[in-house]
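> This structure is in structure tokens; I'll ask about it shortly.
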Amino acid sequence: MLLLALVACHADPAPGGAARSAGAEVRARERAWLDAYEQRDPEVMADMLASGFLITFPDGGQMTRSKVIESTRRRAGMPGPRFATRGTVELERDGLVILVGQVIQTWTDDEGAPRREVSTYTDTWVREGSTWRVLASHLSRAPTR
């Protein structure tokens, strides 16, 4: 199961001439990354992931950039899970933006039952050229309340 599971102090002009913070740019890219998982879009996925990307899942398993893209390609056309984030905090320093929060994944299992999983995530974003890309993502099971 792929999650999402999420960088610099540079500000680009936003529409209307207002400066857009690195954190705002990264949050928009984070949403586009989750959309790529939902829509099973390998081209957008490839654009989101930095060279050297690594994701670590709650069970300790890991996937590299090439494996995530290939997995997305294999699942193209299949219904994807839905993702939402909450409680996200931005940490910016020295050309990085780190997002820390919770990601909620919902899907329908093979028996048609709705399923939901909540994970705590840490995504490290770096600027590659003029584009923010996620370099590392770490997910852990969120505590149940």
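> When the scattering of segment 81-128 is computed by the Debye formula from its Cα atoms alone, each counted once and equally, what is log10 I(q)/I(0) at q = 0.14, 0.20, 0.25 Å⁻¹?
Scattering profile of segment 81-128, log10 relative to I(0): -0.46, -0.70, -0.87.
> Pairwise over distinct Cα atoms, reciprocal of the mean inverse distance: report the Kirkwood radius of segment 65-145 in Å, one decimal place.
Working: mean 1/r = 0.0680 Å⁻¹.
Value: 14.7 Å, from the Cα pair sum.
> Set Lys and Arg Cβ to +1 and Asp and Glu Cβ to -1, take the dipole of the chain about its Cα centre, and tell me which of Trp33, Phe83, Ser71 lies farthest positive.
Phe83
> May I pose another question? Among Trp107, Trp132, Ala50, flag the residue with its Cα farthest along the positive direction of the charge dipole of segment 19-145, charges on Cβ as +1 for Lys/Arg and -1 for Asp/Glu.
Trp107
Taken together, the values in this text are just the output of simple stated rules run on the coordinates, not laboratory data. Because the structure is predicted, anything quoted here is derived from the model rather than measured. Methodologically, a virtual Cβ is constructed for each residue, glycine included, from the backbone with ideal geometry; neighbour enumeration extends over all protein chains shown.
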